[in-house]
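See structure below.
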Amino acid sequence: MEKLNDNQPTSISGETTEKGMTRRQVIKTGAAAAGAVALSGGFPYISSAQNKTLNIVRGTYFIPGAQEIAKQQAEEFGKQAGVKVNADFLNWTDLNTKIGAGIQAGGIDVIELWPVQNHLYANNLVDMTEEAEEVAARGGGFEEYVLNSGHVNGRYLGIPHGNNAGTIAYRISAFEKAGVKHADKGGMDMTWDEYFAVAKECKKMGMPFGQSLGHSLGDPIGFCYPYMWASGALEVGDDGKTILFNTPTFEYALNKFVQAWKDGYDETGTSWDDSSNNRAYLSGKIASTFNGASIYYASKRRDDGGKLMNDTHHMLMPKGTAGRYHEFGTQTMGILNNSENIDVAKEYLKWWFQPENFDKWWRVQEGYQLHHVKNLANDPMWKDDPKMGIFKEIPKYGRLRGFAGNPNEKASLAASKYIVVDTFAKAVQSGDAKDALEWGERQLKRIYR
Amino acid sequence: MMVGSDKQKALQIYVPLVVYTLLLLFPFYWMGVVSFKPTSDIFTLDLNPFWVQRFTFENYQYLFENTEFISWMWNTMLIAVVSTALSIFCSICIGYALARLKFPGSDFMGIGIFLVYLVPPTLLFIPMAEVIGALNLFNTHWALILTYPTQLIPFASWLLMGYFLTIPKEIEESALMDGCSRIQILIRIVLPLSVPGILSATIFCFTLCWNEFLYALIFMSSGDMKTIPVGTVSDLIKADTLFWGSLMASALLGSVPVAFIYSFFVKYYVSGLTASAVKG
């Protein structure tokens, strides 16, 4: 039998027998193991389910069904395994605090990690390479972005489960008035210059574009990093040391953005958080923004006779001189290595990633959570709503913060200090892109030295 | 002239007072207005945002049916009341001892207690979490009931020490002459004279417990064991989607108990805080 856990007190591995167990002891151990299996409801690696509590901490889901299903599934596992399960869903911004306390003081077994957090907490996570590879094999292999972002130095410190992605949401009517053809079909292949030109027209009509450049987890980073990459700049090169941020092409592109901000954007965006653009879009103040599918999801549920839903569509991030990019990596379900229930936590994750459980949770999100394995790229769910189809393409363009280096703790630190985002904010506030870039470069050098 | 002075009085006192009152009450009004609007009206800019066009209880219904708001309220109330009671009891003992009992290092301890109050709680949450983890108290009421007093006792003791010092020593000396013990003096003489000070310390402690977020998030954030601040943020903010109506309903209901207590005891609160401000 596979030994899953060094902390497992009643392991029945061959090693123990070699140390001199008698036949009677072997029989007793076997009987104890059988008893444990019976108690733990068919989860053979849970040594003893009695009095065990599994604490699961995840982020909240704006699609209520996803959270409800995840909660029900955790309870279902608890019933089957005979353990008590606490499943908590926390506001995204509070997760790091909770993880930090959990690492120091315990109390958390399973944790949902955002991209890069597997690097940040690498020393505190259980190696789950074997389990992750099982999931990949069953699903026809991981998608490329998962292969790029899901592991740390070749080991999976958690099982990847995809991620929610953001892209450009826009009002069809506003784009059509601005002269964009086939806006109702979605998926337009625009350059940043073309996109800014539409912004200018829309602002003239009283409906500018909106973009958060504040300090919030999702939208500012999701917008600024892809624009930087598409403009031929990187926070760091593939050696993980050389800063390639303050480039002539990026200076040129940032100047264009500064002009576009004046001409086509709601200029209060420097103080926006992740919810501000949702609010602005849903209240008809802006014509387009970078966001997850939450805007479209909310518009589908409005009691306006489908007006806003029908007028909303999506397109990929526009292209720059260096190509098209999305800031995107996988989330992982990890186990803290100070957990007293590593065996139960592993069983839970193995159980939850079975297709009959995982796919149910994944499908209810209607494409908001992008697939982690290739088989799900062809899932019938993608045909349910054509306006969500474009989200399936995002993984192709996904790069993580720290690109072209590794998405390591330095990349995470640079992101948590919002250096790239603040460079954009400083540029639009001062109008001096060169000065903002020099500031950003100095900050990045301090981190990557 | 009388008329002139009335106008002047109105301009100098009542106009600023009304403006200030409106400013203070506006957040409550806004919470109330938004909590009674349907979600689609909240996002419709064509409608007057300061008034309810289509009245609905759906946000309150969501709050009570789809979240554990009743449990959050109970948890918050229980923890705030017990922590406050514990803190005030300890603070009375500490404050009285420091004010009246002269023992080696008593002055230094008085300053030390105040300095402890200056340590930011955010610096202490990791070591505190280790203690709570070691005691196996995560996700129990005791986790917060035992940790909140560590923040409350230093300030409350310091506040009460100052208040006890304003009570003339002679009263206590007379009681001693009449045969009272220190405990009897404390219970029968000092405490009845210190009601404003004790009330102000109580309100301070209760408010801090009621609103506390960080420790409640770390120590007690599972299922129905959340407090109102943590439950509101974790269950009514889903990623970048905020349930504005229910958020406002929760914030409004969550602020009622504190507002209620303040409205009844504000007179004592102010006199308690200012009692030791001047020598007399």
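The values are calculated or read from the model by the stated rules, or taken from the named source; none is laboratory data. Quick caveat: nothing in here was measured; it's all calculated off a predicted structure. When we count neighbours, we look across all protein chains shown, and the Cβ atoms used for this are built from the backbone with ideal geometry, even at glycine.
Of the residues making up segment B:127-148, not one is closer than 16 Å to B:Ser87 by Cβ and either within 8 Å of chain A (Cβ to nearest Cβ) or charged (D, E, K, R) (or both).
Only a single criterion out of (1) closer than 26 Å to A:Gly218 by Cα; (2) touching a residue at least 24 places away in the same chain (Cβ under 8 Å); (3) within 14 Å of chain A (Cβ to nearest Cβ) is not satisfied by B:Ile228, namely (3).
Each residue in segment B:231-251 was checked for being under 16 Å from A:Lys98 (Cβ atoms), at the interface with another protein chain (Cβ under 9 Å from one of its Cβ atoms) and in a helix (DSSP H, G or I), and 3 of them qualify.
Restricting A:Asn291, A:Asn246, A:Asn277, A:Asn255 to those that are closer than 23 Å to A:Gly431 by Cα, within 11 Å of chain B (Cβ to nearest Cβ) and not acidic (Asp, Glu) reduces the list to A:Asn277.
Restricting B:Thr44, B:Thr84 to residues that are within 14 Å of chain A (Cβ to nearest Cβ) and among the hydroxyl-bearing types (Ser, Thr, Tyr) narrows the list to B:Thr44.
Scanning segment B:137-159 turns up no residue that is more than 22 Å from the chain's Cα centre (by Cα), without any contact (Cβ under 8 Å) to a residue 24 or more places away in the chain and in the same structural domain as B:Tyr96 (by TED's automatic domain parsing).
Of the residues making up segment A:174-193, not a single one is of a type outside the set (A, V, I, L, M), closer than 30 Å to A:Gln354 by Cα and part of a strand (DSSP E or B).
Of all the helices (runs of 4 or more DSSP H) wholly in segment B:90-203, which have at least 1 residues that are farther than 30 Å from B:Met220 by Cβ and hydroxyl-bearing (Ser, Thr, Tyr)? Write out each step before concluding.
Details: elements: B:106-117, B:121-134, B:141-165, B:169-177, B:182-185.
Qualifying helices (runs of 4 or more DSSP H): B:106-117, B:141-165, B:169-177.
Here is a check on your reading of the model: is A:Gly59 under 21 Å from the mean Cα position of the chain (by Cα) and either at pLDDT 90 or above or closer than 30 Å to A:Ala293 by Cα (or both)? Against the criterion (under 21 Å from the mean Cα position of the chain (by Cα) and either at pLDDT 90 or above or closer than 30 Å to A:Ala293 by Cα (or both)), A:Gly59 qualifies. Residues in segment A:80-94 that are crowded, with 20+ Cβ neighbours inside 10 Å, in contact with a strand residue (DSSP E or B) (Cβ under 6 Å, 6 or more places away or on another chain) and more than 7 Å from chain B (Cβ to nearest Cβ): A:Val83, A:Val85, A:Ala87.
When each of A:Leu147, A:Leu157 is tested for being without any contact (Cβ under 8 Å) to a residue 40 or more places away in the chain and either assigned by TED's automatic domain parsing to the domain that holds A:Thr97 or part of a helix (DSSP H, G or I) (or both), the lone residue that passes is A:Leu147. Checking the stated criteria, A:Ser416 turns out to be without any contact (Cβ under 8 Å) to a residue 24 or more places away in the chain and within 17 Å of the chain's Cα centre (by Cα). Under the condition of being farther than 19 Å from A:Ala253 by Cα and at pLDDT 95 or above, which residue from segment A:207-223 is nearest to the other protein chains (Cβ to nearest Cβ)? Restricting to residues being farther than 19 Å from A:Ala253 by Cα and at pLDDT 95 or above, the top hit is A:Met207.
Helices (runs of 4 or more DSSP H) fully within segment A:295-368 that include at least 3 residues being modelled with pLDDT of 95 or more and surrounded by fewer than 23 Cβ atoms within 10 Å (Cβ to Cβ): A:342-352, A:355-363. Any residue at all in segment B:22-33 that's within 25 Å of A:Pro64 (Cα to Cα), part of a loop (DSSP other than H, G, I, E, B) and not assigned by TED's automatic domain parsing to the domain that holds B:Lys238? Among the residues of segment B:22-33, not one is within 25 Å of A:Pro64 (Cα to Cα), part of a loop (DSSP other than H, G, I, E, B) and not assigned by TED's automatic domain parsing to the domain that holds B:Lys238, which makes the answer no.
The set of residues from segment B:43-66 being at pLDDT 90 or above and β-branched (Val, Ile, Thr) comprises B:Val52, B:Thr56.
Please verify whether segment B:26-35 includes one or more residues that are loosely packed, with under 11 Cβ neighbours inside 10 Å and more than 14 Å from chain A (Cβ to nearest Cβ). Checked against the condition, which is being loosely packed, with under 11 Cβ neighbours inside 10 Å and more than 14 Å from chain A (Cβ to nearest Cβ), segment B:26-35 yields no hits at all. Of all residues in segment A:80-137, those satisfying the criterion of being under 21 Å from the mean Cα position of the chain (by Cα), part of a loop (DSSP other than H, G, I, E, B) and not aromatic (Phe, Trp, Tyr) are A:Asn91, A:Ile108, A:Asp109, A:Pro115, A:Val116, A:Val126, A:Asp127, A:Met128.
Of the residues making up segment A:284-293, at least one is assigned by TED's automatic domain parsing to the domain that holds A:Ala174 and over 22 Å from A:Lys185 (Cβ atoms). Among the residues making up segment B:204-225, those that are in a helix (DSSP H, G or I), surrounded by 21 or more Cβ atoms within 10 Å (Cβ to Cβ) and within 13 Å of chain A (Cβ to nearest Cβ) are B:Tyr215, B:Ala216, B:Leu217, B:Ile218, B:Phe219, B:Met225.
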